[in-house]
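Comments concern the structure below.
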Amino acid sequence: MANGPWMKRMIAACAAVGALMLPLASRAATPVSIADFRTLVRLEDPQWSPDGRQIAFVESQGNYTSDRYDHRLAIVAANGGPVRILAAMRDLGSPRWSPDGSRIAFIAQQKRGKKKIDQIFTVSPNGSVPQVLTSAPRDVQQFAWRPDGAALAYVMTDPPAFPNAKKDHHDLFLIHDDDYLTNAPPQPSHLWLISSEGGVARQLTRGATSVLENAPPIGGSVSDPVWSANGASIAFTQQANAHDSDSDRTTIVTLDAAGGTAHRATPHRNNEYNPEFASSGKLLAYLFPHGPGVVSDFDVFVTTPGGAPRDVTADIDRDVIATYHWLPNATGIIAEANDGVRVRLYDQPLRGAASTIHLGGLNADDFAVARDGALAVIAENETQAPELYVLASPHAKPQRITTINARFAAYTYPRSVEVTWSAPDGQRDDGILTYPEGYVRGHAYPLVVYSHGGPEAASSLWFLGGEVGPLRDTFAAHGYLVFEPNYRGSDNLGNAHEHAIFRNPGVGPNSDVISGITMLEHRGIVDRSRIAAVGHSYGGYMTTWLISHQHFWKCAVVADGAVDWTQEYELSGEGNMAWTRDSLGGTPWSPQSAKLYVAGSPISYASQITTPTLILSGTDDTTVPITESFALYHALQARGTTVQFVGIPGAHHTPQDPVHLQLYYERIVRWVVRYLGT
């Protein structure tokens, strides 16, 4: 469903988790524990200095005393050495070098009386007290330096429609494509321009259209405005309005930097995202669906504004993640995509075949391209914690330049491997199989089946990323096999595999998962009497579908799970109305899709569920409204099925604070251990 909230990887949210005080079997080795993960530092948003000598990035770590994530602006030499901290502030993010390299701008929270507003700050890379640049009345959301370094463009939402509502109560408003928790008319976001020395900002865009601020339904993301190489124009993703479920109504537009009317840069009318101007010339890249329809891989298209676009990554046959970058002199694109159970980088020339950039068994987390073509890559895998690596060229060997998480090398980790199989209809699938601690060939073990969300996502071999978070290691430490199937609809095996979920939300993916379990059972390693189903988001949908159509499950966990497509269409936000309509082929009231809204919803089969089920949901979830969890809970309770329903106060589609995230994982593990035993 909506790409952002459905958490393609959900890495930031899983940055650290709390201790789960559960008894583990005694072992001679020292496996990593949930408590150990509390010290993990996430690395985010690497940025090359203009001269290519230094890399700035953000460190993120859970603070359990204050129940928040602490963020630090860090810098390191491109050839390694000590990491220096330049700033530590609330909500710090988006570091961006000035074109002359004399300053780094970033967004952080400023207290102004009782208000806390995100502003742009600047700091010297040599060390200085951060200086606030903007005095915006509302949060600055994205920004970009002008190529000459004399100004910055940034995004800010318009003021509320009823500023005196608390006093006069004149605040009735029209609701359009908004989520069920909306309590005021959404306001559009617009571009502003400010001198790099500060002062009064000037508004560049106005009107009912908005800079994209809501998560798209399938691919792409919210992104910074981008300047043309000569600084004459700005490109950005424009949404037709400010309503949260209309984030598919987007086009790439260009605006004369002096102001004026924005003009469409391409012939497409919807689903365009993440524009990137080349550093020289007039070429503009952006993300757009490969097709057929929107339920497909997103590819990088290249055009000159107003010209005919060309799909340059079509032959990769993978869903390009929103992070992609131009190579120097506009010779090609570096693209990131899920591939099997890894996350790879591809070197894609503007014409010709792409080649894979080899990272030595690591997964690309985030990356940046220097002016000379060198790469800075934050990378990790299932046994190596994230660090920053440098490649002198796209096909050089990666060199690690930080040791921020070096302490995690002292632990042992369960063995995880890719497994492949085919469903009865021939659909090719893959997934991750993790063996339990102390695995002995010939023994049968309890099995946890974890279904990822999205569905346009994939289970990948992250260290502590994705929705599975610490569960893979924790369940393995309890002596369980862990199986993470990439059912059809996942974006890691090509366009046909992703598109196969179109108008087939349950039956096909169910066949993929069940045939995957059968494949494991034929290996003789599964204790068939002890199998659990767990999933989050669309994985919660999958879990509910699985336990309503098969009855061998020992227990189940449905976390923020979609169970009713009509509710999803009518009540949710963040692009999910569009996702549901596009994926099911119409609305709940369209003749061609009305029956599928019922037949494809797990709630329609709730009377058949006999599996003990734990339901978790955030009270502020507008991606999958908690009303769906209420419906499932009462359906199971009414028929006497063992069920618990846990609400997470203030959470939006997964806990946003480390303490609640700890409790969330704790509940899941305790429920599964209760039924599978040790």
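Distance from the Cα centre of segment 171-235 to that of segment 269-304, in angstrom?
Segment 171-235 and segment 269-304 have Cα centres separated by 19 Å.
Would you please name the chymotrypsin sites (Phe, Trp or Tyr not before Pro) within segment 373-466 that are DSSP coil residues with at most 16 other C-beta atoms within 10 Å of their C-beta? Walk me through the numbers on the way to the answer.
Values: sites: Tyr389, Phe408, Tyr411, Trp421, Tyr439, Tyr450, Trp462, Phe463; in loops: Tyr411, Tyr439, Trp462, Phe463.
Answer in residue order: Tyr411, Tyr439.
Add +1 for every Lys or Arg and -1 for every Asp or Glu among the other residues with Cβ under 14 Å from the Cβ of Val558, and state the total.
Values: positive: Arg667; negative: Glu467, Asp560, Asp564, Asp621, Glu628.
Here the count lands on -4.
Provide the gained length on full extension for the span Ala638 to Arg206, in nm with one decimal, where the gain is 0.36 nm per separating residue minus the Cα-Cα distance.
150.3 nm
Given labels modelled 7 Å from the Cα in the Cβ direction, how far is it in nm from Arg415 to Asp620?
Each label point is offset 7 Å from its Cα along the Cβ direction, giving 4.5 nm.
Say the dipole of the chain comes from +1 at the beta carbon of Lys and Arg and -1 at that of Asp and Glu; which of Leu283, Ala354, Asn79 then lies farthest toward its positive end?
Asn79
Remind me, relative contact order of segment 412-676 in percent, using alpha carbon pairs under 8 angstrom and six or more residues apart? Let's see the in-between values first.
Working: 584 pairs, mean separation 44.3, N = 265.
Value for segment 412-676: 17 percent.
Apply the Debye scattering formula to segment 157-212, with a single equal point scatterer on each alpha-carbon and no solvent, then give log10 I(q)/I(0) at q = 0.15, 0.18, 0.21, 0.23 Å⁻¹.
Listed by q, the Debye log ratios stand at -0.60, -0.77, -0.90, -0.98.
Test of the criteria: in segment 236-272, which trypsin sites (Lys or Arg not before Pro) are in a DSSP loop and have at most 11 other Cβ atoms within 10 angstrom of their Cβ?
Those that pass, being in a loop and sparsely packed, are Arg269.
So which trypsin sites (Lys or Arg not before Pro) in segment 97-178 are both in a DSSP loop and have at most 11 other Cβ atoms within 10 Å of their Cβ? Walk me through the numbers before you get to the answer.
On the way: sites: Arg103, Lys111, Arg112, Lys114, Lys115, Lys116, Arg138, Lys166, Lys167; in loops: Arg103, Lys114, Arg138.
Loop-located and lightly packed - Lys114.
Given the options Pro31, Gly93, Ala368, identify the residue whose Cα lies farthest towards the positive end of the charge dipole of the chain (+1 on Cβ of Lys, Arg; -1 on Cβ of Asp, Glu).
About the Cα centre, the residue reaching furthest to the positive side is Pro31.
Below 13 angstrom from the Cβ of Thr356, what's the summed charge of the other residues (Lys, Arg +1; Asp, Glu -1)? Could the numbers behind the result be given before it?
Working: positive: Arg318, Arg342, Arg344; negative: Asp315, Asp317, Glu336, Asp339, Asp347.
For residues surrounding Thr356, the net value is -2.
Under a point-charge model restricted to the Cβ atoms of Lys and Arg (+1) and Asp and Glu (-1), what is the dipole moment magnitude of the chain relative to its Cα centre, in debye to the nearest 20?
On the way: 52 positive and 67 negative charges, 231 e Å.
Value, rounded to 20: 1120 debye.
With viscosity set to 1.306 mPa s at 10 °C, what whole-number translational diffusion coefficient in µm²/s follows for segment 456-521 from Stokes-Einstein and a Kirkwood radius over Cα pairs? Present the calculation step by step, with values, prior to reporting the outcome.
Numbers: Rh = 13.1 Å.
After rounding, the answer is 121 µm²/s.
Tell me which residues come under 5 Å, amide H to amide H, from Arg68 once H is placed; ignore anything under 5 positions away on its chain.
Asn63
With label points built 7 Å along Cα→Cβ from the Cα atoms of Asp139 and Ala77, find their separation and express it in nm.
Those two pseudo-labels are separated by 3.8 nm.
How are the Cα pair distances of segment 412-676 distributed, in percent, across 5 Å bins from 0?
Cα pair-distance distribution for segment 412-676, in percent: 1, 6, 14, 19, 20, 18, 13, 6, 2, 1, 0, 0.
Each residue of segment 553-558 in order: what ³J(HN,Hα) in whole Hz does its phi give by Karplus 6.51 cos²θ - 1.76 cosθ + 1.60, θ = phi - 60°, with x for Gly and Pro?
5, 7, 6, 8, 10, 10
Lysines within cross-link reach of Lys167: Cα-Cα under 26 Å, excluding same-chain residues under 8 positions apart?
Answer for Lys167, where 26 Å is the Cα cut-off: Lys111, Lys114, Lys115, Lys116, listed by chain and number.
Taking H as built 1.01 Å from N, whose amide H comes closer than 5 Å to the amide H of Asp339, not counting residues under 5 places away?
Arg344
Give me a comma-separated list of calculated 3J(HN,Hα) values for segment 147-157, in order, Karplus coefficients 6.51, -1.76, 1.60 applied at θ = phi - 60°, integers in Hz, x for any Gly or Pro.
Result, ordered by residue: x, 8, x, 8, 7, 10, 9, 9, 10, 8, 6 Hz.
Computed FRET efficiency, Cβ-Cβ of Lys166 and Ser607, R0 56 Å: what is it to the nearest 0.05? Working shown, then result.
Working: r = 47 Å, r/R0 = 0.83.
Step by step, r from the Cβ atoms, then E = 0.75.
Lys and Arg at +1, Asp and Glu at -1: add these up for the other residues within a Cβ distance under 13 Å of Thr642 and post the number.
Details: positive: Lys554, Arg639, Arg674; negative: none.
Taking every other residue near Thr642 into account, the sum is +3.
Can you order the peptides 533-540, 652-659 by their average number of other Cβ atoms within 10 Å per residue, highest first? Intermediate values should be presented prior to the final figure.
Details: 533-540: 30.1, 652-659: 21.5.
Result, highest mean first: 533-540, 652-659.
Going by Cα centres, segment 378-418 and segment 537-566 are how many Å apart?
Centre-to-centre (Cα) distance: 34 Å.
Per-residue ellipticity at 222 nm for the chain, helices alone: DSSP H runs ≥ 4 residues times -39500 (n - 2.57), over residue total, nearest 500 deg cm²/dmol?
Working: 10 runs with 98 residues, N = 678.
When only DSSP H runs of four or more count, the value is -4000 deg cm²/dmol.
Report the relative contact order of the chain, percent, no decimals, based on alpha-carbon pairs under 8 angstrom and at least 6 residues apart. All intermediate terms of the calculation are to be shown ahead of the outcome.
Details: 1817 pairs, mean separation 83.8, N = 678.
The value is 12 percent.
Using +1 at the C-beta of Lys and Arg and -1 at the C-beta of Asp and Glu, which of Ile333, Trp462, Pro588 has the Cα lying farthest in the positive direction of the dipole of the chain?
Trp462
With θ taken as phi - 60° and the coefficients 6.51, -1.76 and 1.60, list the Karplus ³J(HN,Hα) couplings across segment 96-102 in order, rounded to whole Hz; mark glycine and proline as x.
3J(HN,Hα) across segment 96-102, in whole Hz: 9, 6, 5, x, 8, x, 7.
For Gly80, enumerate residues with amide H under 5 Å from its amide H, sequence gap 5+ or separate chain, H modeled in the peptide plane.
none
What Kirkwood hydrodynamic radius, in Å, does segment 532-678 give when the mean of 1/r is taken over all pairs of distinct Cα atoms and then inverted?
Working: mean 1/r = 0.0651 Å⁻¹.
Final number for the Kirkwood radius of segment 532-678 is 15.4 Å.
Read-outs: derived from the displayed coordinates by stated rules, not from any lab. Only a predicted model underlies this, so the values are computations on that prediction, with no experimental measurement involved. Virtual Cβ from ideal backbone geometry, glycine too; neighbours counted across all protein chains shown.
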